[in-house]
Every structure is written in C-alpha cells, then in structure tokens.
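Since every read-out is calculated from the coordinates, none of them should be taken as a lab result. Fair warning: this is a prediction, and the values are worked out from it, not measured in the lab. Backbone-built Cβ (ideal geometry, glycine too); neighbour counts: all protein chains shown.
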C-alpha cells in the first residue's frame, strides 16, 4: 500500500469517526444538566440513611459497595500478578546494592532530596491515615489514603537506601496486610449475610452525629480495610519493581 | 434545590467558574500534547507527572474532589515512579 492510499483511507475513516462523534455529542444533555433520577435521590436520602456526610463514600462503600468489592480485588489480583511475574527466576540471582562502575563515584543522595523526603514522610503518613479514616466525613476514602500511605514508603526510599525501605516493608508483612485488607472488606459483607441481611448491608450502629468519625457504621470500617489493602498493594508493587533493578540474569 | 449536606459559606460567580474550567481544559489539552511530543524519556515522565497535577486541578474545578485525590496520588506520583523504576531496570539491562 502506498502512503497516498493510506492517507486516503485515513481521511475517509477519520471523517466518518468525527461525524459519528459530533452526532453523538449533539445528543448529550446540556453541560452540567444531569438528567437522571439517582443523583438528586441520593443527595436527598444519603445523609439521613447512612449518617455519612461524605456522600461519595456512602455511595462507594454502601449503596454500590458490591461494585467496590470487585474493584478492590482487581487491585489485589494486579499486585499479585506483579509479584508473580517479577519473582526471582531460575538463572537469576540477586546481588547486593553496590555500584557497578567502581571507577566512578556514585553520587550520594543530595541533602536537598534527603531533607525534603524526611520532612514530608511524617505529614504524608498523617494525611494518608486521615484520608483513609475519614471517608464518612469528607470526599476521601481508603483508596486515596492508601495510595498516600504507600507514597510515604517511597519517600523513605528516596531519603535513604533501598535497604532501609526493605526493612520498613518486609514482603511477608506487606502481603499479609494486603490479604487482610481485601479479605476484611469481603468478610464485612459476609457478616451481614450471616445476620440474615443483604450482602454488605450496613449492620453497625450509625452513630448520633452525621459526619462524626464514629458515624456511618460499616462505611468507615470498609474504608479502613480498603486503605490498608491499597497501601500494602502499592508498597508491594514498588518493592517488587525496586528489587528488579537489583536482579541480573546469568550470562545476560 | 437545597438538599446538599454541607452548605458552603461562599459562592463563586458562574462566569468566573466558566473561565476557570475553560482555562483548565486548555491547559490539560496542552499538557497531554506536551507528554506526547517530549521524546526524552525521563523528561517525558516528569511532564506526565505535571499533567497529572493539571488533571487533578481540572477535576477539582469540575466538583469531583474525590477524583482529584485519586488523580493526585496515582497520576502525579505513583505512575511516574513505576515508569521511572521500569526505565532504571531497562537501562541496566542495556548496559
């Protein structure tokens, strides 16, 4: 096929695609005008029903909690997949974190990077923990909080050495925490079934004050489990990738 | 309709919000183009991180603070880290 033929095919297909796209756009509801009934309905009843003022979390962890279990296990399976694909194979050996070019000086971590990393680690842990444990009061949740907690471990790596990072995140514990997080969420759902309720039905006391930390029953608890699962999953993924840079293949 | 759980003590004029949203949309489009056009790998990753921040601000302006938090942590921090680690591994093998 000559380049000019290819260009013609692209022009025809591209025009068709653009036409369909514009046609579809013209049928959309006006910008900002959500026509469905669910948004207003949820806004009307969510706070009274769940005692959570973080309505996004109420939807994620209660009304559509079943969807979120699925998403949770997508991440779980993805982290497991990374761990399996990046395992140490036969013919591979790990070597110590030494520099490769002995004739060149390894640039030490600059004190600026070290300083920023050390200064940020504490606040990042605090913010991550706060996000994961306040899903019932603000638009955060276990996912965002968990990722932030994992970021704190990356900061530890940046501030010091890979080995310090390893000591702070032993694989056995990370994997166990990840499993507890994912399993905990599912177990909350099963507990509801054991009580004769629907799967993931909120069975804990909702508290007196809407939006208080103690409010919203299982929403806060699920967010906590999601938080530790997500944090552990990302720490696991980053640790596996870091380890990969230390792996060498025999003869290669 | 006054069914919101939290009443904000301030209001922003609609026209100002429109300007902000359009500006952010243009910035995001420019950022995405920059990510594609930059060919140096490490620089591209840095641009990707900046693009993540732009997207996060965009989501905030479109009233999705929960998505903002996700985008900040994933798009601006973790995705660049994962790509940088992969680059480090690949570079080591090339040597």
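Projected label points at residue A:171 and residue A:26, each 7 Å from Cα along the beta carbon direction, are separated by 5.9 nanometres. Axis of helix B:14-37 versus longest Cα principal axis of chain B: the two differ by about 10°, to the nearest ten degrees. With R₀ fixed at 41 Å, the C-beta to C-beta distance from residue B:15 to residue A:120 puts the FRET efficiency at about 0.60. Take every pair of alpha-carbon atoms less than 8 Å apart whose residues are at least six positions apart; their mean separation over the length of chain A yields a relative contact order of 28 percent.
So for A:175, B:71, fewest C-beta neighbours within 10 Å to most, what's the order?
A:175, B:71
Working from Cα positions, state the angle (0 to 90°, nearest 10) between the long axis of helix B:79-94 and the longest principal axis of chain B. Its long axis makes an angle of about 10 degrees. Remark: A:137, B:86, A:218, B:33 ranked as B:33, B:86, A:137, A:218, counting other beta-carbon atoms within 10 Å and listing the fewest first.
The mean sequence separation of alpha-carbon pairs under 8 Å and at least six residues apart, normalised by the residue count of region B:39-95, gives a relative contact order of 38 percent.
In which sequence would A:133, A:110 go, from the one with the fewest C-beta neighbours within 10 Å to the one with the most?
Values: A:133 18, A:110 9.
Fewest-to-most ranking of A:133, A:110: A:110, A:133.
Pairwise inverse Cα distances across the protein assembly as shown, averaged and inverted, put the Kirkwood hydrodynamic radius at 23.3 Å.
So which residue, out of A:147, A:213, A:13, gets the largest mean-square fluctuation from a GNM of chain A using Cα contacts under 10 Å as springs? Looking only at A:147, A:213, A:13, the largest GNM fluctuation is found for A:13.
What Kirkwood Rh does region B:39-95 have if only Cα atoms enter the pairwise 1/r average? Answer in Å. It is 12.0 Å. Maximal additional length on extending the residue A:38-residue A:78 stretch stands at 11.2 nm, based on 0.36 nm per residue less the C-alpha distance. The Cα center of region A:20-36 and the Cα center of region B:33-95 differ in position by 30 Å.
Over region A:117-244, Cα pairs under 8 Å with separation of 6+ residues give a relative contact order of 34 percent.
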